[in-house]
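The structure under discussion appears below in the form of structure tokens.
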Amino acid sequence: MSGTAEINVSIIVPIFNAERYLRQCLDSLVHQTLAGIEIIGVNDGSTDSSLEILTEYARNDRRVRVISRPNKGYAAALNKGLAAAGGEYIGMVDADDYVKLDMFEKLYTLASRHRVDLVKGDFYFYSEQNGVRPGDWSLPLPREQLYRVVCPLEVKPVFVCRPTVWSGIYRRAFLREHKLRFLERPRSWHQDIGFVFKVMALAGSAYFTDEPLAYYRQDNPNSSTHCNAGRTYALCGEFAAIERWLRKRPNLKRELEYIKNRAKHSHYMAHYARLQGAAKKNFSRRMCREYKRDLKRQKIQRDLYDAQAWADFELFARGANPDRQILRQKLRFFWRFFQKGPKVSVILPVCNTEKYLRSCLESVLAQTLKNFECICVDDGSTDCSAQILADYAEKDRRIKIISQANTGPGGARNTGLKLAAGEYIFFLDSDDFLRQDALELSYDNASRQELDVLYFDAAVIFENDRLKKTRWKQFYLRKNSYPDIVSGWAMFVLMSRQADYCTPAWLQLTRREHLNRFGLRFPERAPYYEDRAFALRCILLAERVSHLGESLYYYHIRENSVLSRLADGQDSGIHVYSRLRAFIDILDVARQREHNAAVWTEINKMLDEDIYNIRALYVHASPEQRELLQNKNLSPLERFYLKILVLDYLRPEDYDQQKWP
């Protein structure tokens, strides 16, 4: 462009051997709805056709500028672009990523309207195999700190999250005033961490939006997200540089010393999860030394860590060398390859399901994984279920039976957990059945990735056409896939935000060690919804979880089942009590540990859903069922919540059932 006055945003694209992705990136930039842009492509010594592609775009669009230089690395390329930029604001896009066509118009409109130093948005993950899926919101801020001007120093989560330098724009005058540049070091990666940390520390004003505007590629084998041995300690160097930078600024050091170490822990844990073999072991020792040093110097502030983050920190800060995490992985390796016990324990509660039990057991015995046990808990059946179990146990010794008085699904599953010997636990209901490779596929994925929990989907089978009219057909098929290995709380937030979080225990394969470590068991007071609180505790306490986007389970909706009776308006009083009990149990789970703002937001959604359903079920209940509920031997706590959530809330006009679908 002819002058700098008309340039609203300068977009810097560092390029090194990106010929496979570069056209998609540049196409998303030259077609931006914001006209006042310049695109500065910095070719960093590419040896493929990247320079030719960039030059072609420059010939066809005068807004595209070409800078070509010998290879000096990602940081140097960005700094070269920063020096050449003439726009009021500066954005950066990696050559293997791409952005929405209105990204820079939206960001610049917000920046110019509010006159802030930076604006940041959210992003999508992208890969050719899995397509587009939501990111895990790089700035997990409470809603009251989004969509308004804030000072980053007063919003500490922005220092701990993913840096995502490419999801925002930065005022050029602000960057130049503070001489903000990327750290140039040989064989260095993670330079965006230090840059974004300094930007947040010095910015007087910022504006954050959770609208996804960029597409972050996950399948580039040369990306910095794919670690190799040469990059193992680059992250340590980046935080050492931040420490040196803070020492020169005593006021900022006092403000940010603790948050810097909290951010270091988050990035170290993510880096540790990507490493393998000797590099993983050596890096864990480095973490152990640094954490012990920070703890000794009293540079750690406990309330900046949620429960899981603090547990991870203590594991390395106080653990042996090699740390206990490595030791646990070794023990798991030997367990898998030298154990004589089963790989999977299938826990099957049975109560009066003689019509469906044979199909269920046949699907278990037909599994392609042979090393399993099936623990069948006869929960007080009065039909022929017990005899059917005995017949199958006689034919196959992997079928184990225990009989007890009726305690409900929660109590039956807890009995099964006491006897389980498998490495992983699979919950199965006795009127449902499994895909033939369900155990093998789920176990192979979970054990290979050393997961605490693997989630999968379920298809719904209807007993007759009448039941197909209910809303459950797609209910257990998640709309999105979540193949990355993340912490449990992050998966909970991801799934819940996309309305993909499901609580049935039979939608997950769970490591038995994880259940026993935290004493995870099902509530037993109510006959229904017992898995809501169990599933929430299970996911929030998990260190490594993932999702397999396949239907491994067939959920059977039949006449006289819990769901069909609920759809027909039967047993509403029992459902009110069960849902009320689930609400209380979830509250208990939420209060047991500390959670970050993102987790609290999604837990509150669960609680709001329970409250709505408690009221709707109560409205639909018959007068006799309501009276039965109120005369039930409720605990003081149950009676208190029934009063404030239902009895004191509902007015006569609220009993119109049309208001409560």
Using only helices, what value at 222 nm comes out for the chain when you add -39,500 (n - 2.57) per DSSP H run of length 4 or more and divide by the total residues, to the nearest 500 deg cm²/dmol? -13500 deg cm²/dmol
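Highest mean first, what order results for 620-629, 44-53 on Cβ atoms within 10 Å? List each step's numbers first, then the result.
Values: 620-629: 15.1, 44-53: 17.4.
With the highest mean Cβ count within 10 Å placed first, the list reads 44-53, 620-629.
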Helix 50-60 vs. the chain, principal-axis angle (Cα, 0 to 90°, nearest 10): 70 degrees
Amide H contacts of residue 92 (H built 1.01 Å from N, under 5 Å, at least 5 apart or other chain): 12, 168
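Suppose a student asked you for the relative contact order of region 570-644, using Cα pairs under 8 Å spaced at least 6 residues apart; what percent would you report?
Here the relative contact order equals 55 percent.
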Scalar couplings 3J(HN,Hα) for region 279-284 by Karplus 6.51 cos²θ - 1.76 cosθ + 1.60 (θ = phi - 60°), nearest whole Hz, x for Gly and Pro, are 4, 5, 5, 5, 5, 4
Mean accessible area per residue over the chain (1.4 angstrom probe, all protein chains present, square angstrom) is 43 Å²
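Run the accessible area of the chain with a 1.4 Å probe and give the carbon-and-sulfur part as a rounded percent. Walk me through the numbers on the way to the answer.
Numbers: 14030 of 28290 Å².
That fraction is 50 percent.
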So which aspartates and glutamates pass the test for residue 479, namely a Cα distance under 13 Å, with those fewer than 8 places away in the same chain ruled out? 457, 500, 550
Using Cα atoms only, what is the angle between the long axis of helix 597-620 and the major principal axis of the chain, expressed in degrees (0 to 90) to the nearest 10? 30 degrees
If amide hydrogens are placed 1.01 Å from N in the peptide plane, which non-local residues have theirs closer than 5 Å to the one on residue 65? 39, 40, 41
Most to least packed among 243-256, 201-214 [average Cβ atoms within 10 Å]: 201-214, 243-256
In straight Cα distance, which aspartates and glutamates are under 15 Å from residue 253, not counting same-chain residues fewer than 8 positions off? 154, 243, 294
Whole-Hz Karplus couplings 3J(HN,Hα) for region 429-437, θ = phi - 60° and coefficients 6.51, -1.76, 1.60, Gly and Pro as x, run 8, 6, 9, 10, 8, 10, 5, 4, 9
Among all the lysines, which ones have a C-alpha under 18 Å from residue 80's C-alpha, if same-chain residues fewer than 8 places away are not counted? 72, 179
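Using only the C-alpha atoms of the chain, find the volume of their convex hull and express it per residue in Å³. Don't skip to the answer; put the middle values down first.
Numbers: hull volume 121.5 nm³, N = 661.
Here the figure is 184 Å³ per residue.
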Amide H to amide H, which residues 5 or more places from residue 550 or on other chains are under 5 Å from it, using H placed in the peptide plane? 457
In degrees between 0 and 90, to the nearest 10, how far off the longest principal axis of the chain does helix 438-448 point, with axes built from Cα atoms? 40 degrees
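The values are calculated or read from the model by the stated rules, or taken from the named source; none is laboratory data. Bear in mind the structure is a predicted one, so any value in this text is a computation, not a measurement. Counting neighbours? That spans all protein chains shown, and the Cβs are built from the backbone with ideal geometry, glycine included. Accessible surface is based on the protein model in full, side chains and every heavy atom, while ligands, DNA and RNA are left aside. Shrake-Rupley method; radii C 1.70, N 1.55, O 1.52, S 1.80 Å.
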